[in-house]
1. Within the stretch 39-67, which residues are touching a residue at least 24 places away in the same chain (Cβ under 8 Å) and within 9 Å of the chain's Cα centre (by Cα)?
2. How many of the residues in the stretch 1-14 are within 14 Å of residue 60 (Cβ to Cβ) and loosely packed, with under 13 Cβ neighbours inside 10 Å?
3. Kindly provide the set of residues from the stretch 1-31 that are in a helix (DSSP H, G or I) and small (Gly, Ala, Ser), ordered by number.
4. Looking only at the stretch 54-67, how many residues end up being of a type in the set (Lys, Arg) and either touching a Lys or Arg at 6+ places or on another chain (Cβ under 7 Å) or exposed (fewer than 12 other Cβ atoms within 10 Å of the Cβ) (or both)?
5. Are any residues in the stretch 15-30 closer than 13 Å to residue 64 by Cα and either surrounded by 11 or more Cβ atoms within 10 Å (Cβ to Cβ) or over 13 Å from the mean Cα position of the chain (by Cα) (or both), and if so, which ones?
6. For the subset of the stretch 32-53 comprising residues that are part of a helix (DSSP H, G or I) and open to solvent by 90 Å² or more (accessible area, probe 1.4 Å), which member is nearest to residue 64 (Cα to Cα)?
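The values are calculated or read from the model by the stated rules, or taken from the named source; none is laboratory data. Keep in mind that this is a model prediction, so the values were computed, not measured. Here the Cβ positions follow ideal geometry from the backbone for every residue, glycine too, while neighbour counts run over all protein chains shown. What goes into the accessible areas is simple: the full protein's heavy atoms, side chains included, and nothing from ligands, DNA or RNA. Shrake-Rupley method; radii C 1.70, N 1.55, O 1.52, S 1.80 Å.
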Amino acid sequence: MNSLFENARNAINRMTQNRERGHQPSQEDIQAAKQAIQSAYSQCSQEEKQELQQLERKLDAEHNQLR
């Protein structure tokens, strides 16, 4: 796996873990995660793209809960 993909996955996982501990992700956290996902799209396999799409849905769900 490439490092951009790992960075995107790690960003989402950190947000999820922080949320489970009662910490709301900031808008900056969400933007950083979105940028990591978008960067990873350019250098990943089809399988990884599918996982990135799942991560994006998870991120959108997190973002919607902040509103």
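1. Within the stretch 39-67, 52, 55, 58, 59 qualify.
2. Count: 0.
3. 3, 8, 11
4. So the answer is 2.
5. 24, 25, 26, 30
6. 35
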